[in-house]
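Just so you know, all these numbers are worked out from the coordinates, no wet-lab data involved. Since this is a predicted model, take the numbers as computed values, not measurements. FYI the Cβ positions are ideal-geometry reconstructions off the backbone, even for glycines, and counts take in every protein chain you see.
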Amino acid sequence: MACFSSAIRHLNSFYMTKQSFVASVIITIAVIASARYFIHTEEKYDQAKPIENTVRADVIPVFPEINHTIAQSTTGIISPFGRGAPPPPKSLEERIRVRKVRMEKNGYSTPPEYYAMSLQELHIRAKQNDVYALLQLGEQYWSESEELVDAPSFDKALPPKDNAIKWMTAAVGQGHSRAATLVSLMYESQGQELQAYTWALISERMGDLSIQDHRKGFEAQLTENQRYQAVLMADKTNSEIQTTILDALRNKAGAR
């Protein structure tokens, strides 16, 4: 009996030892698993950090000269209508200064007095086909509509971008070839490649070759039929513009 009791004690001791060993193994496995989980989580967090920073960097608006340029051309013209362009400065003086620099740099500047003219005065002159007033209206409706929207003479019949294209197109009708390039860029910024291509053709026909390389980019995105229709429209529009210019010249000559 004593031997049996001793055997039981040894067996119980072995059983408890085995239980402790199993428990230790389980605890060790749990600790290792937990450690791997936290390490993996921390690695995922660390990997996510640069992605978050990259996204934030991408949404920071940049000056249009950086992210929206016409392909290398004879004049190196830079589109002032690029997507991602920052909002215009709020003060009138600063808006005039920035507008003047942009228009002079891109070849559609006006005499100094036009930069400070009121919207009402520009509208009056535009009705008389003053090309400088037309250019200023096209530029200001495109870039400064938020600051001008409360002006009594602000035209709300059309969206500001459509108004800008209307006035810039009118400037083309007065023989301003660079305005045709600007109309093309305006259409491009709105994702209207067919119209952008058509006006690039018109610009070239009027003698402004600065958009020539850019026009080839439009061309690659259009079907053969679309290109054909664009050529027909460009020829028709260019013919109408030339007729308008000749009529204006005759009227001036007759007035003298």
Listed residue pairs exceeding 22 Å between alpha carbons, taken from Lys105/Lys236; Lys127/Lys252; Lys90/Lys127; Lys127/Lys236: Lys105/Lys236; Lys90/Lys127; Lys127/Lys236
Most to least packed among 141-150, 218-227, 118-127 [average Cβ atoms within 10 Å]: 141-150, 118-127, 218-227
Full-stretch length increase - Glu121, Gln229 - with 0.36 nm per residue and alpha-carbon distance subtracted: 35.0 nm
Under the Karplus curve 6.51 cos²θ - 1.76 cosθ + 1.60, θ = phi - 60°, whole-Hz ³J(HN,Hα) for the range 199-210, x wherever Gly or Pro sits: 6, 5, 5, 4, 4, 5, 5, 8, x, 9, 8, 5
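Considering only the other residues whose Cβ falls under 14 Å of the Cβ of Ile211, what net charge follows from Lys and Arg at +1 and Asp and Glu at -1?
Numbers: positive: Arg178, Arg205, Arg215, Lys216; negative: Glu188, Glu193, Glu204, Asp208, Asp213, Glu219.
Taking every other residue near Ile211 into account, the sum is -2.
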Inter-part distance where the range 227-256 and the range 136-204 are each reduced to a Cα centre, Å: 19 Å
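For Val131, Val183, what's the fewest-to-most ordering of other Cβ within 10 Å of each Cβ?
Val131, Val183
If you scale each eigenvalue of the Cα gyration tensor by 5 and take the root, what three semi-axes come out for the range 129-226, rounded to whole angstrom and sorted largest first? Kindly include the intermediate steps, with their values, before the conclusion.
Details: eigenvalues 134, 47, 18 Å².
In descending order, the three semi-axes are 26, 15, 9 Å.
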